[in-house]
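The values are calculated or read from the model by the stated rules, or taken from the named source; none is laboratory data. Note that the structure is a prediction, hence the values are computed from the model and not measured. Here Cβ is always computed from backbone atoms with ideal geometry, including for glycine, and neighbour counts include all displayed protein chains. Protein only, heavy atoms only, side chains kept; ligands, DNA and RNA dropped before computing areas. Shrake-Rupley method; radii C 1.70, N 1.55, O 1.52, S 1.80 Å.
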Amino acid sequence: MQSIDNLYLEATHMLIEPGPVVLVTTHHRGKSNIMTLSSLIMLQQNPPFLLGLVLGPWNYSYKALYKTGECVISIPTQEMASKVVNIGNCSGEDEDKFSKFNLTPLPALKVGAPLIAECFANIECKVTDNTLVGKYSFFILQSVNVWTDPEHKERRTLHHNGDGTFVVDGEILDLKDKMVKWPEYL
C-alpha cells in the first residue's frame, strides 16, 4: 500500500463512484434539459424509495431541479457511451440536447421532466428533502414512478472511474435462487 499525498485527495471519488452513470432530465420554463451524472446513490430500498444526488449550482440543471422539485433519472446502457460523455461536455443553457444528440423525449406520468426513450429505464423523481442542498448540493429524491423497456435487450450500464475512463458491466452472475426475494419485472 502507498499513501496518496493530501494534494491528491480529489482522487477519492475515483475510488468510490457509487453506481451507474445516469442521465438526469429536468423541465423548467418551457425547456427540457439533459445532464450526465455519476454521483447518485440509493438511500432507502423500501417505500418510500429514496435516492440522493449531488448537483451543484454551477450546473444548468441545478436551477430547474431546485425550482421545480422534479426530474427523471434515465439509465443509459453501454451503446450510448459516446452520447453520455458528449451530453456531459456541453451546457443545456446553450443547446437543446435532445435535438443535438438525437434523443427522444417521452412524457412522464407524474413529473414534468421527460423520459428518454433510448434508455432502458427511467425513474420519475420528486425532491422530498432539500435541506442539504445549500451546504452539500445534496438533493434527496423520492421515486414516484418507474419505466422499463422490455424490448431493450442491452442492459449493461456504464460506471465512471472519475478520470474519463469507464467500466461496462460484464458477466452476469445469476444468484436469484440464493436471494430471499427478487423481483422478476426488471
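Some points to look at:
- When a 1.4 Å probe is rolled over the protein heavy atoms, the share of accessible surface on region 81-131 that falls to carbon and sulfur comes to 47 percent.
- Per residue solvent-accessible surface (Å²) - region 39-186, probe of 1.4 Å: 61
- Alpha-carbon spread of region 47-182, three principal axes, descending order, Å: 44, 35, 32
- 3J(HN,Hα) along region 169-176: 3, x, 4, 8, 9, 8, 10, 4 Hz, from the Karplus curve 6.51 cos²θ - 1.76 cosθ + 1.60 with θ = phi - 60°, whole Hz, x for Gly and Pro.
- Low-density loop cleavage sites - trypsin sites (Lys or Arg not before Pro) in region 13-82, where at most 16 other Cβ are within 10 Å (DSSP): ARG29
- Cut-off under 5 Å, modelled amide H: who pairs with PHE49 long-range: SER143
- For the chain, built as a Gaussian network whose Cα springs stay under 10 Å, the top-fluctuating residue of LEU65, LEU175, LEU109: LEU175
- Above-threshold pairs, the threshold being 19 Å between Cα atoms, out of LYS31/LYS110; LYS67/LYS110; LYS153/LYS178: LYS153/LYS178
- When the alpha carbon gyration tensor of region 97-141 is reduced to an equivalent ellipsoid, its three semi-axes come out at 26, 13, 8 angstrom, largest first.
- Kirkwood Rh (inverse of mean 1/r, distinct Cα pairs), region 15-59, angstrom: 12.2
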